[in-house]
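Here the structure is laid out as structure tokens; the discussion comes afterwards.
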Amino acid sequence: MADAAARRAVAELPLLRAPAGPRDREGWAERLREEYRALIQYVENNKRADTDWFRLESNPEGTRWSGRCWYIHELLKYEFNIEFEIPVTYPGTAPEIAIPELDGKTAKMYRGGKICLSDHFKPLWARNVPKFGLAHLMALGLGPWLAVEIPDLISKGLIQHKDK
């Protein structure tokens with residue numbers, strides 16, 4: 001699955017119960033409350049452990065999310081915009097996170113800057129529906145992707161720190 005730190009982080013996250021997606025108005029409101037609780041818990045845990053690495057916000061319906069994530073490499077902070085939409089088949093289908101400014105810079109990305117999570121994360125998501133939510137997506141999807149891809153992109157000279 002993931003390294004020990006990711007396992008610990010996920011073990012501290014609440015599992016979600018509401019199986020509703022955006023098409024189920026009443027159920028979606030409950031699911032969204034659970035999503036926010038889990039995200040808040042994850043951010044608070046990260047801040048306590050001094051591993052804070054993203055900010056997210058949603059539209060009022062909770063169907064479009066955007067924010068920023070960052071990765072520290074050799075004491076330099078690299079920041080990226082992130083965005084995703086909740087699929088209509090959510091939670092059965094995981095959202096696809098996009099990092100538009102990295103579009104075309106790595107093979108582990110689809111058109112539009114959507115990061116590739118199909119080999120490792122999507123089977124894990126499928127086994128844990130509806131218990132996994134957006135906090136799990138960040139912890140087991142985007143976080144490990146950044147840890148692998150960003151140092152590689154830096155070493156290849158495909159991304160530069162803003163101060164260089």
Structure-based [θ]222 nm, the chain - -39500 (n - 2.57) summed over DSSP H runs of at least 4, per residue, nearest 500: -10500 deg cm²/dmol
S118 - accessible surface, heavy atoms, 1.4 Å probe, Å² rounded to 10: 50 Å²
Lysine pairs in the chain with Cα atoms under 27 Å, if 8 or more residues apart or on separate chains: 28
Net charge contributed by nearby residues that have their C-beta within less than 15 Å of L75 (K/R +1, D/E -1): -1
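Hand me the trypsin sites (Lys or Arg not before Pro) from region 105-134 located in a DSSP loop with no more than 10 other Cβ atoms within 10 Å, in residue order please.
Those satisfying the criteria are R111.
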Accessible-area composition of region 96-164, carbon plus sulfur, in percent [1.4 Å probe]: 51 percent
Solvent accessible area, Å² - L76, 1.4 Å probe, full protein context: 50 Å²
Filtered trypsin sites (Lys or Arg not before Pro), region 1-90: DSSP coil and at most 12 other beta carbons within 10 Å: R17, R23
Å² of accessible area per residue within the chain, as computed with a 1.4 Å probe and no ligands counted: 56 Å²
Percent accessible area from carbon and sulfur atoms, region 33-89, protein chains only, probe 1.4 Å: 50 percent
Coil-residue GluC sites (Glu not before Pro) of region 1-54, DSSP, other Cβ within 10 Å capped at 16: E12
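The values are calculated or read from the model by the stated rules, or taken from the named source; none is laboratory data. Values in this document were obtained by computation on a predicted structure and should not be read as measured data. Note that we place each Cβ from the backbone using ideal geometry, even for glycine, and neighbour counts take in every protein chain shown. We work out accessible area using only protein heavy atoms, side chains counted, and drop any ligands, DNA or RNA first. Shrake-Rupley method; radii C 1.70, N 1.55, O 1.52, S 1.80 Å.
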